[in-house]
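The values are calculated or read from the model by the stated rules, or taken from the named source; none is laboratory data. From a predicted model like this one, the values you see are computed outputs, not experimental measurements. With ideal geometry, Cβ positions are generated from the backbone for all residues, glycine too; neighbour counts draw on all protein chains shown.
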Amino acid sequence: MKILAIETSCDETAVAVVENGTKILSNVVASSTAMYEKYGGIVPEVAAREQIKCIIPTIQEACPSFDSIDAIAVTIGPGLIGSLLVGVETAKTIAFVTGKPIIPVNHVLAHMYANFIHDKQGNENNKLTIQQYNNITIEFPAISLVASGGHTELYLMKNEKELMWLGGTLDDAAGECFDKTARLLGLGNGGGVAIEKAAKKCQMLNDKCKIKLPRPLLHDDTLNFSFSGLKTAILREVIKLKESQQYNNTTTRLPARQVQQLAYGTQEAITDVLVEKTLRAAKKYEVKSILLSGGVAANTRLRKKFSIWHSAFSIHVPEARLCTDNAVSIASYAYFRGVPTAWHSIIAIPDLSVEV
Ligand code: KG4
Ligand code: ZN
């Protein structure tokens, strides 16, 4: 079964065709990096206007003909309303004119289905790349961590279809904490990627960060997360460092070495909490596998920390390009868990719940 998937929940316009939920036939992502540079971040209306322009060329590139497609999948939420509308209305129109079934998809739940993808050559790519594991198919039950820019959620996956939400962030998401810290440290809009790069320099120099940052909610009984306190702690450290160096202007950047140390400390704090809470859930529910997904799962330090647990659990993580937003995971979700729905009853839902 070939599914054409459209994903426009944030600033990206992504279109893919996936066969049987596992094999990528095409995968195109048009992102708006230029907008970041011009406006210093995402401007929802500007993003939607860009998406109106590029949705048709992106679909044409990923899927030159609708003849071989069996169904259409589309992200209906959560996300930015203007952006979602572009994808949803385009997908509905394709369903109407072709008479093919359409499947509405929850963006956050879809992230974890990137773990079911094999690459074009038919090789499995959903294993940790740091070490080679033999375990190719996902064994259930599994714990699934979705860590993205807007969400940090834990699920129990009883099988490919049955999900149970276990906990999530009470305030900021892990990715949001990476993004805000990057800005605070003068690393611009580079987000988690910039923090990872700066932290690596600190690691390479074996220049360990002596700054103690909190690990929020690490010792509470729930499977919830909280990252806003960590962000505030980092801000306090930045102010303290600037004051100790007697900067008059608080906007002045810290010296590179201190930026690297703080980036390292931030990455350690976030990844420690993500690993610890996920492992706690995995032990509690006696699962066989752990699945990582969402943009933050592209972080190599996080992947490394999880890889240590490979003898206790089969650990899966998509390749980096399938951790961040893409339409491949939307198609895979639709194949394994989607429900075809009448096109006229599908609407964009910006605050779609992720608790199932
Ligand atoms: O899943 P995603 O592409 O979009 C959302 O659904 O939000 O995730 C984006 C988030 C951003 O916060 C970004 O900083 C983070 O994923 N991210 C990373 C890395 N690559 C992307 N965080 C840490 N390390 C990375 N290498
Ligand atoms: Zn996402």
List the helices (runs of 4 or more DSSP H) that sit entirely inside segment 271-356 and contain at least 3 residues that are over 13 Å from M112 (Cβ atoms).
300-307, 328-337
Exactly one of V354, V287 is over 20 Å from the mean Cα position of the chain (by Cα), within 28 Å of D272 (Cβ to Cβ) and modelled with pLDDT of 95 or more, and that residue is V287
I'd like to check something: does segment 42-61 contain any residue that is touching a residue at least 60 places away in the same chain (Cβ under 8 Å) and more than 19 Å from the chain's Cα centre (by Cα)?
no
Would you pick out the residues in segment 1-35 that are under 12 Å from A73 (Cβ atoms) and within 15 Å of the chain's Cα centre (by Cα)?
E7, A14
In the set I72, I56, which member is surrounded by 16 or more Cβ atoms within 10 Å (Cβ to Cβ), modelled with pLDDT of 95 or more, away from ligand 1 (no atom under 16 Å from the Cβ) and not in a loop (DSSP other than H, G, I, E, B)?
I72
Of all the residues that make up segment 276-313, how many are polar (S, T, N, Q) and either within 14 Å of ligand 1 (Cβ to nearest atom) or touching a Phe, Trp or Tyr at 6+ places or on another chain (Cβ under 7 Å) (or both)?
4
Subset of segment 3-53 (residues that are of a type in the set (V, I, T), in a helix (DSSP H, G or I) and modelled with pLDDT of 95 or more)
I52
Any residue at all in segment 172-187 that's in contact with a strand residue (DSSP E or B) (Cβ under 6 Å, 6 or more places away or on another chain) and either under 21 Å from S293 (Cα atoms) or within 16 Å of ligand 2 (Cβ to nearest atom) (or both)?
yes
For S244: the one exception among (1) within 21 Å of the chain's Cα centre (by Cα); (2) surrounded by fewer than 16 Cβ atoms within 10 Å (Cβ to Cβ); (3) away from ligand 2 (no atom under 16 Å from the Cβ)
(1)
For the subset of segment 215-225 comprising residues that are surrounded by fewer than 20 Cβ atoms within 10 Å (Cβ to Cβ) and free of Cβ contacts under 8 Å to residues at least 60 places away in the same chain, which member is farthest from A174 (Cα to Cα)?
D221
Please identify the pairs in which a residue from segment 169-192 that is among the polar types (S, T, N, Q) has its Cβ atom under 7 Å from the Cβ atom of a residue that is in a helix (DSSP H, G or I), counting only partners at least 6 apart or on another chain.
T181/I195; T181/K231; T181/I234; T181/T266; N189/Y36
